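The values are calculated or read from the model by the stated rules, or taken from the named source; none is laboratory data. All values reported here derive from a predicted model rather than from experimental measurement. Virtual Cβ from ideal backbone geometry, glycine too; neighbours counted across all protein chains shown. The accessibility values were calculated without ligands, DNA or RNA, using every heavy atom of the protein model including side chains. Shrake-Rupley method; radii C 1.70, N 1.55, O 1.52, S 1.80 Å.
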Amino acid sequence: MKLDSTVSAVVTGGASGLGAATARALAAKGVKVAIFDLQEEKGTALASELGGVFCECNVTDDASVDAAFAKSREAIGQERILVNCAGTGNAIKTASRSKEDGSIKHFPLDAFNWIIQINLVGTFRCIAKSAAGMLTLDPMEDGERGAIVNTASVAAEDGQIGQAAYSASKGGVVGMTLPIARDLGNENIRVNTILPGIFDTPLLAGAPQPVRDALGASVLNPKRLGIPDEYANLAMCMIENGYFNGEDVRLDGGIRMAMPKPESWRLDAASYPVAIELQTRFQDMDINGHLNNVAFAALFESGRVLLNRQVRPLEKRAANERTMVAAVEINYLAEGNLPDPVKIATGIGRLGTSSWTIVQAMFQNGRPIATCDTVVVCRTDGQAKPLRAEMVAELEANLVKPV
Ligand SMILES: NC(=O)c1ccc[n+]([C@@H]2O[C@H](COP(=O)([O-])OP(=O)(O)OC[C@H]3O[C@@H](n4cnc5c(N)ncnc54)[C@H](O)[C@@H]3O)[C@@H](O)[C@H]2O)c1
């Protein structure tokens, strides 16, 4: 679609983050932009900066959406472009046990429905009403009548703990993209959906810096959060490239959020029975001046040795008993820097019949930078046999206590 001042666009959630960046990119091409949002102050300021119009709108409310379309069409004409960015999330487990008193609760259904109403039904409501309006327009010179871009999330494919509602809503947006593109194909209206990874928007601004750093470090390449302009760039491509249709595209720096992020207690030193502070050394540095990966492993090893001394003093070891490390898994959360010391917190995470798992976390200047899980197996006379009662008691005395 050729973009210029003869074209109008509606951007929902346009007052902030990804929607605001897209509104700016459209306006930079001369497109007349209407911002649909709940946030009046921010939306009005941006609309006046872009020479567009702000329409206060709640995408969950039919009358509110009708009024917003009426206002925008009156001000800038029938839109040929709709970009759906209005959305939000929550994080609640499907069913869970209270750490304080053990009581059990489940995801409140009204909280589940609220997310579905905004992210999924709200998106469809705006698509349906906008598409009906686009059908009143004649096609442009190139035959195009309209273009729609929706925002899902990588959580549609790799949802995390607590994201049942968010993932369901975004999965719904992904699922409806092709059928809507088919519904509107004969009318020359294209429909595409972006699945953003982790973007640096006000949605994330409330997260503490260590969490933001850890999220950035979890991206495959580049190791940082996405920039809203990068989202806008793909939205513009979906709008301008007339062959782009019926697609759901991840924009995520290659992140695959298959591993749930550590539960909060894992990143709290108070959960572990044993802790030691260790000095980082010049030889622990990689060529970028950070703590190298092998040094992480060695530091965790020192933390395990300390725990072993406490759990299994050498003099208590039976002559026919041998323990060995069977597996070590380190998850890197953030860069370690030199020459600051690190604190290694260690405890027993799980006790099996003839093995146990040592769980650890590494902190630097109070910030969690890695976790480590080590499986230790015990062989008696060369065979896996149930752990002696005395050993079980020692291990149990050093179990982690999640806080
Ligand atoms: N930031 C990310 O990392 C990320 C990742 C994946 C998906 N997303 C999705 O991208 C979209 C934009 O998110 P963002 O990061 O720019 O967040 P944001 O909070 O900066 O912007 C969202 C905007 O939507 C508006 N909004 C919320 N509920 C609304 C409603 N009922 N009616 C009208 N407007 C409403 C908010 O007022 C806000 O201005 C969302 O759908 C979000 O789920 C964001």
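Solvent-accessible surface of segment 8-251, taken per residue with a 1.4 Å probe and all protein chains present: 45 Å².
Ordered by solvent-accessible area of protein heavy atoms (1.4 Å probe), largest first, the residues L135, L307 come out as L135, L307. Taking other residues whose beta carbon is less than 14 angstrom from the beta carbon of T44, and scoring Lys, Arg as +1 and Asp, Glu as -1, yields -3. Accessible surface of R250, taken over heavy atoms with a 1.4 Å probe and every protein chain present, rounds to 50 Å². Expressed to the nearest 5 percent, the antiparallel share of DSSP beta bridges inside the chain is 60 percent. For segment 264-396, the gyration tensor built on C-alpha atoms gives a prolate shape. Its axis ratio a/c (a ≥ b ≥ c) is at least 1.5, and a/b is the larger of a/b and b/c.
Counting heavy atoms of the protein chains alone, K71 has an accessible area of about 100 Å² for a 1.4 Å probe. Using Cβ point charges alone (K and R +1, D and E -1), the dipole size of segment 264-396 about the Cα centre works out to roughly 380 debye.
For segment 62-186, which semi-axes, largest first and in whole Å, follow from the square roots of 5 times the eigenvalues of its Cα gyration tensor?
Values: eigenvalues 268, 50, 18 Å².
For segment 62-186, the ellipsoid semi-axes come out as 37, 16, 10 Å.
Rank these residues by their accessible area, most exposed first, probe 1.4 Å: Y166, Y332, Y243, Y272.
Reading off the accessible areas and sorting them downward yields Y243, Y332, Y166, Y272.
Among rounded, prolate and oblate, which fits segment 89-160 when a ≥ b ≥ c are the square roots of the eigenvalues of its C-alpha gyration tensor, a/c under 1.5 means rounded, and a/b larger than b/c means prolate? Note, shape of segment 89-160 comes out prolate. Amide H to amide H, with H built 1.01 Å from N, R250 comes under 5 Å of L195, counting only residues 5 or more places away or on other chains.
For G352, the amide hydrogen comes within under 5 Å of the amide hydrogens of T357, counting only partners 5 or more places away or on other chains and with H modelled in the peptide plane. The residue among A298, V274, G382 whose Cα reaches farthest toward the positive pole of the charge dipole of segment 264-396, with charges on the beta-carbon of Lys, Arg, Asp and Glu, is G382.
Keeping all protein chains in place and using 1.4 angstrom, which order do I148, I92 fall into by accessible surface area, from largest down? Intermediate values should be presented prior to the final figure.
Numbers: I148 0, I92 50 Å².
Order by accessible area, largest first: I92, I148.
Is there a quick way to get the dipole size of the chain? I mean about its Cα centre, with the Cβ of Lys and Arg at +1 and of Asp and Glu at -1; what is the value in debye to the nearest 20?
Numbers: 39 positive and 46 negative charges, 276 e Å.
It works out to roughly 1320 debye.
For a Förster distance of 25 Å, can you work out the FRET efficiency between the beta-carbons of L306 and E390, rounded to the nearest 0.05? Approximately 0.75, to the nearest 0.05.
Which value in deg cm²/dmol, rounded to the nearest 500, describes the helix-derived mean residue ellipticity at 222 nm for the chain, given -39,500 (n - 2.57) per DSSP H run of n ≥ 4 and division by the residue count? Present the calculation step by step, with values, prior to reporting the outcome.
Details: 12 runs with 137 residues, N = 403.
Theoretical 222 nm ellipticity from helices: -10500 deg cm²/dmol.
Rounded to whole Å, give me the distance from the Cα center of segment 126-184 to that of segment 36-113. Here the answer is 15 Å between Cα centres.
A crude spin-label estimate for the pair E40 and Q209, with each label 7 Å from Cα along the Cβ direction, gives 3.7 nm.
Let me know the shape class of segment 1-151, please: from the alpha-carbon gyration tensor, a ≥ b ≥ c as square roots of the eigenvalues, rounded when a/c is under 1.5, otherwise prolate if a/b is greater than b/c, or oblate. Prolate. Working note: Karplus 6.51/-1.76/1.60 with θ = phi - 60° gives segment 146-161 the couplings x, 9, 10, 10, 10, 10, 9, 5, 5, 5, 5, 10, 10, x, 9, 3 Hz, where Gly and Pro are set to x. Within the chain, the proportion of Cα pairs with more than 31 Å between them is 50 percent. By the combined test of axial Cα extent (at least 20 Å) and Kyte-Doolittle hydropathy (mean at least -1.0), the qualifying DSSP H helices of the chain come to 62-76, 164-185, 293-311.
Between beta-carbons, use under 15 Å as the cut-off and find the net charge around R250, counting Lys and Arg +1, Asp and Glu -1.
Values: positive: K170, R256; negative: E157, D158, E230, E247, D248, D252.
Charge balance near R250 sits at -4.
On the chain, 54 percent of the accessible area sits on carbon and sulfur atoms, based on a 1.4 Å probe.
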